[in-house]
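Input: a single structure, listed below in structure tokens.
The values are calculated or read from the model by the stated rules, or taken from the named source; none is laboratory data. Since the structure is predicted, the reported quantities are computational estimates derived from the model, not experimental observations. Cβ placement follows ideal geometry from the backbone for every residue including glycine, while neighbour counts extend to all protein chains displayed. What goes into the accessible areas is simple: the full protein's heavy atoms, side chains included, and nothing from ligands, DNA or RNA. Shrake-Rupley method; radii C 1.70, N 1.55, O 1.52, S 1.80 Å.
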Amino acid sequence: MSPTPVYLYVTDTFADWEPGYAIAHILKPSWQRTPGRYTVRTVSATDSPVTSMGGMRVLPDTTLAEISPAASAMLILPGGETWDDAASHREVLATARAFLDAGTPVAAICGATYGLAVAGLLEGREHTSSAAGYLASSGYAAGYLYRDAPAVTDRGLITAGSIDPVPFATHIFAALELYEPRVLEAWSGLFTTGDEKYFAALAAAA
């Protein structure tokens, strides 16, 4: 069976470090319940190269018009310097809506949560971001559902703040059922605290 794609949205200035833990370990077979179950593919509005905030030049694997929720495992939306102009991301926000409507998870971090707020995709779902005031500036009506937490999952939507790529990845792994619960706890503990007991637990799982 071919691996199911997890799509990483890439656009100019995307924050390359924010999804880094997630995409690296989705592709790393160690500790996984079913190695090779997923692959990671980059997706953008067009097939033109984009440049990340860190200066990496990325040629998208595919375009938004060519993907579907039914054939996907998840859509990951990293932050970037252009999300304050949510209209410039209208294609991916429409794709995110289609994914959520179909029950396929969407994970958004930092500036991408602002785009979701503008698009009304945070309505009715608990969520977080880099700061409550940041999302409030979008004029969205769901501020009462904001949670002051590193990452939040509610009905298929994962949100996180810019300084929390590890909790973001942890919630992604949980949604994908990538690891057994005890392994997920050890992974999160290791990359959050560096405590060697968690490394020992992961070594035993491997």
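Consider only pairs whose beta carbons are under 7 Å apart and that are at least six residues apart or on different chains; among these, list those whose first residue lies in region 185-206 and is without any contact (Cβ under 8 Å) to a residue 40 or more places away in the chain and more than 26 Å from Ile163 (Cα to Cα) and whose second residue is of a type in the set (S, T, N, Q) and in a helix (DSSP H, G or I).
none
Within region 154-180, track down each residue that is polar (S, T, N, Q) and surrounded by fewer than 21 Cβ atoms within 10 Å (Cβ to Cβ).
Ser162
Got at least one residue in region 186-203 being surrounded by fewer than 16 Cβ atoms within 10 Å (Cβ to Cβ), out of contact with any Leu (no Cβ under 6 Å at 6 or more places or on another chain) and within 23 Å of Val40 (Cα to Cα)?
Looking for residues that are surrounded by fewer than 16 Cβ atoms within 10 Å (Cβ to Cβ), out of contact with any Leu (no Cβ under 6 Å at 6 or more places or on another chain) and within 23 Å of Val40 (Cα to Cα), one finds none in region 186-203, hence no.
Which of the residues spanning region 143-152 are assigned to a loop (DSSP other than H, G, I, E, B) and either touching a His at 6+ places or on another chain (Cβ under 6 Å) or loosely packed, with under 14 Cβ neighbours inside 10 Å (or both)?
Within region 143-152, just Asp148 meets the criteria.
Looking at Tyr134, Tyr140, can you tell me which residue is out of contact with any strand residue (DSSP E or B) (no Cβ under 8 Å at 6 or more places or on another chain), open to solvent by 20 Å² or more (accessible area, probe 1.4 Å) and in a helix (DSSP H, G or I)?
Tyr134
Just name the residue that is farthest from Ala151 (Cα to Cα) out of those in region 80-131 that are charged (D, E, K, R) and surrounded by 15 or more Cβ atoms within 10 Å (Cβ to Cβ).
For region 80-131, the residue satisfying everything is Glu91.
Look at Ala22 and say whether it is small (Gly, Ala, Ser), in a helix (DSSP H, G or I) and either within 16 Å of Ser88 (Cα to Cα) or in contact (Cβ under 8 Å) with a residue 40 or more places away in the chain (or both).
Judged against the criteria, Ala22 is a match.
So which residues in region 48-58 are part of a loop (DSSP other than H, G, I, E, B) and loosely packed, with under 12 Cβ neighbours inside 10 Å?
Ser48, Gly54, Gly55, Met56
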